Amino acid sequence: MDEATDVTHHEQAAIIVRYVDKDMTIQERLIWVTAVENTTAENLLQTLLGALKMVEIDTSKIVSQCYDGAANMSGGISGVQSRLKEIQPRAIYVHCFGHCLNLVIADAMAEVQSTRNFFGSVQSIYNFIESSPHRHAILESVMKRLLTDKRIKTLKSLSETRWTCRAEAVNSIAENLQSILQALEEITERTTRPRVMAEAQAILKNISTFEFVLHMVALQPLLNKCKIVSNFLQSEDLDLVTALETVASLKENLLQMRSDEEASAIFSRAKTLCDGLCIDADIPRRPRKVSRRIDDCSENEHEFTSAQEEWKVRSYFQVIDKAVADIDRRFNQEATDIIRTCGKILRKEKPMSSTRSPHNLMYHQLN
């Protein structure tokens, strides 16, 4: 069960049931969408019970319930999940895995100031170009000149609620960076409006830096891996055990990215890209001592010998460390052990085919 605001600004609640048929095949059905004026836990519970009664589902048959992390839904004392447990104690609560992964990405990307600045610049590009048909036309014209053998990829806005969608926004910047830079230069030269000229110059200055390109090169694969897993977690026939294994595969992949070799390779790719765009491949040094987060010890301070080392420790590793730690924290739910135990029993009855294995499904995409 989840709520969302429709185009008329009314709150709508959607209720979906998942069950297994006689062949142990997972089925998923949308049973009701209804407007809700009152989003208190009690009113939402009555809405849920009414929908179940309408389709003749006995509450004694409920074995699990899944919502996002909103207090009115997931609250352990007075949320919908705790109230439903009073009616059916065996209805274990699972925090929506897609929502958990979204929170993991959001928290990881907010951990470092330079990463927050990067996404601010990405959104400023979209806002500036797409708020004007004339500026959009200039960018499109530049793309057609420079990307004669490629399909034009339009700019994407950042989503405030779905962080995995930010992969598409970063992908569009990465594929069109040369066109964006040239379009901003043309806008600066053509416009007669001081405000537009100043904004174009400011954005051009922000993104014509090695630091911006470096963050783009580093974050693009990380976000794309998370997006792959997020899409997989939304599969209709996905079971919870496979979902947990898929998230574990993502964590393993992130840990593989957290290496000196991978950081050096990213740094080199960013320098090569900057050379091709005539951008100065240098990060201003900030000679100071800072806590070394990867040591998890505030007493240990380290003076960085290069800008590359400082970026690796204070930005790249820090984002990955936060993501890995949050995966452990958010996916280690109260119901996790029960899910794994039930999964082992069910798989003995109906073994998972090798083609359905999360490792076979996800390995090539994640790598």
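The values are calculated or read from the model by the stated rules, or taken from the named source; none is laboratory data. Computed from a predicted structure; not experimentally measured. Neighbour counts are summed over all protein chains in view; Cβ atoms, including those assigned to glycine, are modelled from backbone coordinates with ideal geometry.
Spot the failing condition for residue 27; the list is (1) surrounded by 15 or more Cβ atoms within 10 Å (Cβ to Cβ); (2) within 24 Å of residue 237 (Cα to Cα); (3) not charged (D, E, K, R), and only one is missed.
(1)
For residue 90, all conditions in the list (1) assigned to a helix (DSSP H, G or I); (2) surrounded by fewer than 19 Cβ atoms within 10 Å (Cβ to Cβ) hold save one; what is the number of the exception?
Going through the list (1) assigned to a helix (DSSP H, G or I); (2) surrounded by fewer than 19 Cβ atoms within 10 Å (Cβ to Cβ), residue 90 breaks only (1).
May I ask you to say which residue of 116, 145, 151 is surrounded by fewer than 20 Cβ atoms within 10 Å (Cβ to Cβ) and in a loop (DSSP other than H, G, I, E, B)?
Working: 116 fails: in a loop (DSSP other than H, G, I, E, B); 145 fails: in a loop (DSSP other than H, G, I, E, B).
None of the others qualify; the one that does is 151.
What residue, among those in the range 219-273 that are free of Cβ contacts under 8 Å to residues at least 24 places away in the same chain and more than 30 Å from residue 343 (Cα to Cα), is surrounded by the fewest Cβ atoms within 10 Å (Cβ to Cβ)?
If we take residues in the range 219-273 being free of Cβ contacts under 8 Å to residues at least 24 places away in the same chain and more than 30 Å from residue 343 (Cα to Cα), then 261 is surrounded by the fewest Cβ atoms within 10 Å (Cβ to Cβ).
Checking the conditions here, which among 266, 283 is of a type in the set (A, V, I, L, M) and either touching a Gly at 6+ places or on another chain (Cβ under 7 Å) or at pLDDT 95 or above (or both)?
266
Please work out which one of (1) modelled with pLDDT under 95; (2) more than 19 Å from the chain's Cα centre (by Cα); (3) within 27 Å of residue 175 (Cβ to Cβ) is the condition residue 259 fails and give its number.
(1)
Restricting the search to the range 1-30, which residues are farther than 22 Å from residue 343 by Cβ, part of a strand (DSSP E or B) and among the β-branched types (Val, Ile, Thr)?
Once the filter is applied, which keeps residues that are farther than 22 Å from residue 343 by Cβ, part of a strand (DSSP E or B) and among the β-branched types (Val, Ile, Thr), the range 1-30 yields 5, 15.
Any residue in the range 135-162 that is free of Cβ contacts under 8 Å to residues at least 24 places away in the same chain and within 30 Å of residue 104 (Cβ to Cβ) sitting within a Cβ distance under 7 Å of a residue that is outside any loop (DSSP other than H, G, I, E, B) and basic (Lys, Arg)? List the pairs, counting only those 6 or more apart or interchain.
159/166
Which condition breaks for residue 43 when tested against (1) of a type in the set (S, T, N, Q); (2) without any contact (Cβ under 8 Å) to a residue 12 or more places away in the chain; (3) touching a Ser or Thr at 6+ places or on another chain (Cβ under 9 Å)?
Looking at each condition in turn, residue 43 falls short on (3).
So residue 166 fits all but one of (1) of a type in the set (Lys, Arg); (2) in contact (Cβ under 8 Å) with a residue 24 or more places away in the chain; (3) part of a loop (DSSP other than H, G, I, E, B); what number is the exception?
(3)
Looking only at the range 324-335, filter to residues that are surrounded by 15 or more Cβ atoms within 10 Å (Cβ to Cβ) and not hydrophobic (A, V, I, L, M, F, W, C); which one of those is farthest from residue 111 (Cα to Cα)?
In this case the residue turns out to be 333.
Condition test on residue 73, is it assigned to a loop (DSSP other than H, G, I, E, B) and touching a residue at least 60 places away in the same chain (Cβ under 8 Å)?
Working: assigned to a loop (DSSP other than H, G, I, E, B): no; touching a residue at least 60 places away in the same chain (Cβ under 8 Å): yes.
It is false that residue 73 is assigned to a loop (DSSP other than H, G, I, E, B) and touching a residue at least 60 places away in the same chain (Cβ under 8 Å).
Identify, please: which residue in the range 73-87 is crowded, with 20+ Cβ neighbours inside 10 Å and at pLDDT 90 or above and is, among those, farthest from residue 165 (Cα to Cα)?
First, the residues of the range 73-87 that are crowded, with 20+ Cβ neighbours inside 10 Å: 73-74, 79-81, 84.
Okay, now just the ones that are also at pLDDT 90 or above, so 73, 79-81, 84.
Working: 73: 24, 79: 29, 80: 29, 81: 28, 84: 33 Å.
Checking each candidate, the answer is 84.
Scan the range 100-113 residue by residue and report those that are out of contact with any Lys or Arg (no Cβ under 6 Å at 6 or more places or on another chain), surrounded by 20 or more Cβ atoms within 10 Å (Cβ to Cβ) and over 14 Å from residue 320 (Cα atoms).
Passing the criteria: only 102.
Checking the structure you have, find out if any residue of the range 45-67 is touching a His at 6+ places or on another chain (Cβ under 9 Å), of a type outside the set (Gly, Ala, Ser) and surrounded by 12 or more Cβ atoms within 10 Å (Cβ to Cβ). Don't jump to the end; show me each part of the working.
Just the residues of the range 45-67 that are touching a His at 6+ places or on another chain (Cβ under 9 Å), to begin with: 66-67.
Going one step further and asking which of them are of a type outside the set (Gly, Ala, Ser), we end up with 66-67.
From what's left, surrounded by 12 or more Cβ atoms within 10 Å (Cβ to Cβ): 66-67.
Yes, the conditions are met somewhere in the range 45-67.
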